[in-house]
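J.: Sending over a structure as structure tokens; questions will come in a sec.
The values are calculated or read from the model by the stated rules, or taken from the named source; none is laboratory data. Keep in mind that what you see is a predicted model, and the values were worked out from it rather than measured. Using ideal geometry, Cβ is built from the backbone for each residue, glycine included, and neighbour counts are taken over all protein chains shown. Side chains included, ligands, DNA and RNA excluded: accessible areas come from the protein's heavy atoms. Shrake-Rupley method; radii C 1.70, N 1.55, O 1.52, S 1.80 Å.
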Amino acid sequence: MPIGGKNYVRIIPLVIPAIGSGGTLKLRSFLILSAFSLVLFVAVTLLSAHSPVPISLQAAAGKRVWQRHNCVSCHTLFGNGGYVGEDLTNIVTKVNPPQLVQYLVQPPVMRPNRYRHHPALNRTEAENVVSYLEYVHTIPTLGWPPQPEKAGDEP
Amino acid sequence: MKLFRMFSAGASGRHPVLTRPRQQVFLAQKISRRYCLAAVTLFAIQSVVALAGALDLVIPDLPSPIPFEFGRAIHLGFAVLWPLIGTMGMVYYFTAAELNREIFSPRLARWQFGVVLVFALSVYVTLSLRIGNGREYLEGMPALYLGIGLALLLAAYNLVRTLWADKHHITPAAAIMTVGILFLLILLLPNVLHYDNPTLDEAAKFWVVHLWEEMAFELTTAGFIATFFIVAGLAVREKVEKWLYLEAGLAVTGGLYSTGHHYFWIGVPSLWLVLGALISLLEVVPVVMLVQMTYVGLKSSKANNTTGIKSKREKLTLWLILSSLLYHVTGASVFGLMITVPWVNLYVHGTYTTSAHAHLALFGSMGFLVLAGCYYVLSRGSEPTQAGYKAGVLAVLLLNIGLIGMGTALLVAGFLQTYLWRVLGRDFMQVSLLLTPYLLARVLAGGMFALGDFLLIWQIYAAWWRTRKNPS
């Protein structure tokens, strides 16, 4: 059978078994395609999410503190979360860990409020959550957040 | 099935001699009413919670019984769960209509409603008491999501058994709705676990945040739209069915791998930058097919007076569907694709730009459709009065203006934030304070949205009240 002209249309159902007569999918093909896509997607995700550095016990405990206090509602990690507070993915490079612990144990008033303080943690919780933030900082994020063009310059 | 074929043939104008046969009301369709009523009620409460949260953002020291971090969590909990409950009702309703027979077990559907409502309300109550699990969009306790999963399991079992009962007469719309429910279940389950690895945690979260919305709900609503278009005479059954599986197949594969655009910066290899950006293009294809189908349907319906939509109830449903299509194209597809380009995303990610996209795409595409379905289900057997129809259209208009207002305000805030904070590197808090006027504009638009919300819910309640005794 010569391939060319309108004839190529006829071989499409042979080449792609998922496409049946009339150029449309059938239920069985749709189910197979969906199941295959899902399994492959989950497998690739699991492989990609594998962390080069395993998380320490303290950092893992800190992650639970992070979740229990719903920190994500105001702060982002990897840019995901709320935008009221600053992104904390690399906060340990700007504020040193003991200062962070101190901030969380004796939280200051949050700008622009005059009375409302940042929620407080006890010392162990604060140390754990800072350990978690130190761990998050070590995760490679493909160059995010971007480096500002004129870092530090006042306009 | 036969009855339904006759019905659609009559509506499509090919056999004008056939009059519309009186459709039977199935128990499944009566039960679906309580799902839809619960869903629209939760939607009304959501706009109050969201408005309070938006105010809390711009008014310093605003006294509130629930702190902002838990208030926002409740808002997101509503955003995820009311469309789910509405979808469950819609799927039962339209599956029975499509197959023209009763579902496998109406009793199970009743139990399922109890389960999903109890666990959804528990999420809101526990979050109000400041008990939560701190994963964005899934802030409730994991055990509660297990309960939601149980409800989905009951739904999936019920629907699969329904289809299985007559394997040779499965319509594409019924099949893809069932697959949609199955996907909702499969994607939720990994999220009842705890992950120590933050990268995996973020990834699993997007299986609900992204894949519920852009894949599973796309399947359930595609089934609804197909059924509605056929019944309303906007499309011919054969034509719709010819493309439905292909559309659904694209929605599944496109939806799955475009999750990559959420994976970009969470600690995965750069493969996902390519996958996420390229496959997101594929996601647009089903949207284009849907828009094309609507355009052709509306054009032919206008040209042919005998087949055009006469019923005000169907017209109001159509206004809601058209609103959804508007945001499918603008907020979700065009704007979504723009911020999916990795070089753009690098800068706009983690700013109010994402928030603008979330509002436009989440409520815009999905919320309007679930509202359309719920209104259609709850108004069965009655026509709105002229005043009721006008109020309904006004409500849709207010919702649209409010949503576009919120989206625009957040977009401007997002661009400012991107430029001043990300590009120029100015202090985060300094930039945040500059955003207050735009966040205030968001509150005003949100107020407009809430007004539209209440007006629409009032019309839906009125329709429900009129038909509560005999929805036929």
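J.: For the range B:265-343, what is the accessible area per residue in Å² when the probe is 1.4 Å?
T.: On a per-residue basis, 48 Å².
J.: Over the C-alpha atoms of the range A:57-137, what are the Rg and the largest Cα-to-Cα span, Dmax, in Å?
T.: Answer for the range A:57-137, Rg first and Dmax second: 11.8, 37 Å.
J.: Kirkwood hydrodynamic radius, computed over distinct alpha-carbon pairs, for chain B: how many Å, to one decimal?
T.: Final number for the Kirkwood radius of chain B is 22.8 Å.
J.: Still on this structure, please answer the following. If each DSSP helix of 4+ residues adds -39,500 (n - 2.57) and the sum is divided by the residues in chain B, what number results at 222 nm, nearest 500 deg cm²/dmol?
T.: Taken over chain B, the calculation gives -24500 deg cm²/dmol.
J.: Given the Cα atoms of the range B:233-359, and with Rh set as the inverse mean 1/r over their pairs in the Kirkwood sense, what is Rg to Rh to two decimals?
T.: 1.08
J.: Using a 7 Å offset from Cα along Cα-Cβ at B:Thr41, what residues in the range B:376-416 end up with backbone N under 19 Å from the label point?
T.: Counting only backbone N, you get B:376-380.
J.: Still on this structure, I have one more. Spelling out what I want: for every residue of the range B:150-159, take phi, set θ = phi - 60°, compute 6.51 cos²θ - 1.76 cosθ + 1.60 (Karplus), and round to whole Hz; glycine and proline get x.
T.: These are the phi-based 3J(HN,Hα) values: 4, 4, 5, 5, 4, 4, 4, 4, 4, 6 Hz.
J.: Let me ask something additional. Set the Förster distance to 22 Å, then compute FRET efficiency between A:His117 and B:Leu55 from the Cβ-Cβ distance, nearest 0.05.
T.: According to the calculation, E is roughly 0.65.
J.: When the solvent-accessible surface of protein heavy atoms is calculated with a 1.4 angstrom probe, in what order do B:Trp212, B:Trp164 fall, highest first?
T.: Ranked from most to least accessible, the order is B:Trp164, B:Trp212.
J.: Please state the Cα pair-distance histogram of the range B:341-472 with 10 angstrom bins from zero: what percent is in each bin?
T.: Reading the bins upward from 0: 13, 33, 24, 16, 10, 4, 0.
J.: Okay, next question. Describe numerically, in nm with one decimal, the distance between label points set 7 Å from Cα along Cα→Cβ at B:Tyr295 and at B:Ile401.
T.: Taking the two extended label points, one gets 2.9 nm.
J.: Turning to a different aspect of this structure: Tabulate in residue order the Karplus-calculated ³J(HN,Hα) for the range B:400-409, using 6.51 cos²θ - 1.76 cosθ + 1.60 with θ = phi - 60°, rounded to whole Hz; enter x for Gly and Pro.
T.: Taking θ as phi minus 60°, the curve returns 5, 4, x, 5, 5, x, 4, x, 5, 4 Hz for the range B:400-409.
J.: Something else: Would you list the P(r) distribution for the range B:82-221, with all Cα-Cα distances sorted into 10 Å bins from 0 and each bin expressed as a whole %?
T.: Calculated P(r), rounded to whole percents: 12, 41, 31, 13, 3, 0.
J.: Which value results for Rg/Rh of the range B:147-234 when Rg is the Cα radius of gyration and Rh the Kirkwood radius based on the inverse mean 1/r?
T.: Here Rg/Rh amounts to 1.08.
J.: While we're here: To one decimal place, what Kirkwood hydrodynamic radius in Å is obtained for the protein assembly as shown from all pairs of distinct Cα atoms?
T.: Radius from the Kirkwood sum: 25.5 Å.
J.: Using the alpha-carbon centroid of each, what span in Å lies between the range A:90-145 and the range B:410-472?
T.: Spelled out, the Cα-based centre of one part sits 30 Å from the other.
J.: If you take the beta carbon distance between A:Val105 and B:Leu129 as r and set R0 to 25 Å, what does 1/(1 + (r/R0)^6) give as a FRET efficiency, to the nearest 0.05?
T.: 0.55
J.: Also, I was wondering about something else. What does the convex hull of the alpha-carbon atoms of the range B:125-164 project to on average, in nm²?
T.: Approximately 3.3 nm², given one-decimal rounding.
J.: Can you list the aspartates and glutamates whose alpha carbon is less than 12 Å from that of B:Lys312, not counting same-chain residues fewer than 8 positions off?
T.: B:Glu383
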